[in-house]
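Worksheet for the structure shown next.
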Amino acid sequence: MVKQFKTIIVSGIHLGFKKGRTKNLMELLEQYKTKNLIFIGETFDDPFSSTMISAEKKQMKAFNKILKIVRKNDTDTTLVKSTPFEYLPSYLHDNESKYFKVQNELVYTSGPRKYYIKSEKSLSIFHQPYSFLLNLGQLGKKLANWIFVRKNNPNKNPQPEQEEKNREIILKQASKAACDGIIIASPHMEKIETYKDTPYMNCGSWYSSQCALVEDMDGDWSLLYYNDSNSTQNMKIVDLWGMPNVSKTKSKLSFIA
């Protein structure tokens, strides 16, 4: 039975909030150890913009649970921001240097391949006229985020023309970073494919599909789905690219080609 991955990548966990399904994420991280854990965008929601009671306490409690798992397993953890003005709580910065890294983009090396990792949401702000707000401190960032959320529906898939433009932009950025593989996050669009001879993987979002992109110890990638109906016994790895069609004996995981 697979008990350890080399890498687990999840996006849109909205830590501590009901839509983020934090409890299910904890089950995943407790059941499967990983050397590398990468969160892409929408990791934290600003509790002061929420109508939830004690939102900040719930968020901090969920963060501490993840921190405990990260410490126990000595996991290298990186948070890739979806936008430059994404909300990050102060207690994250207290643990940033020791347990977490925070970046706008990430180059991840696995074997002979280098992967360029970024949130597709970040492409929506390249030509927005309110980028100057980022220079106005936390208040400016919150205002920019408020405008962004209302002008860009995070749950809406990009139109085919825009998706093609986004792919071209990311492909150029990956090439500039000397990467030969791409990993992005976009809701409802989890898939593993090849785009212009470049491995192109989308981890989707945890809150919309409870899906994670995972890399096994041999460097093969697949999608791991969580099924609400019966806890971790219904976690499934779906082989969409590169993995052999195998079935582990009496495993809680089913490998499906």
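Annotations for the structure displayed:
- For MET189, the residues whose amide H sits under 5 Å from its own are GLY204, SER205, ignoring neighbours fewer than 5 places away on the same chain, with H placed 1.01 Å from N.
- Exceedance of the 21 Å cut-off in Cα-Cα distance is limited, within the set LYS72/LYS121; LYS33/LYS101; LYS57/LYS121, to LYS72/LYS121; LYS57/LYS121.
- Cβ-derived FRET efficiency at R0 35 Å, GLN31 paired with HIS188, nearest 0.05: 0.90
- Note on LYS98: aspartates and glutamates with a C-alpha under 12 Å away, same-chain residues under 8 apart excluded, are ASP74, ASP76.
Rule-based calculations on the coordinates, nothing more; no lab input. Fair warning: this is a prediction, and the values are worked out from it, not measured in the lab. As a convention, Cβ positions derive from the backbone with ideal geometry for all residues, glycine included, and neighbour counts pool all protein chains shown.
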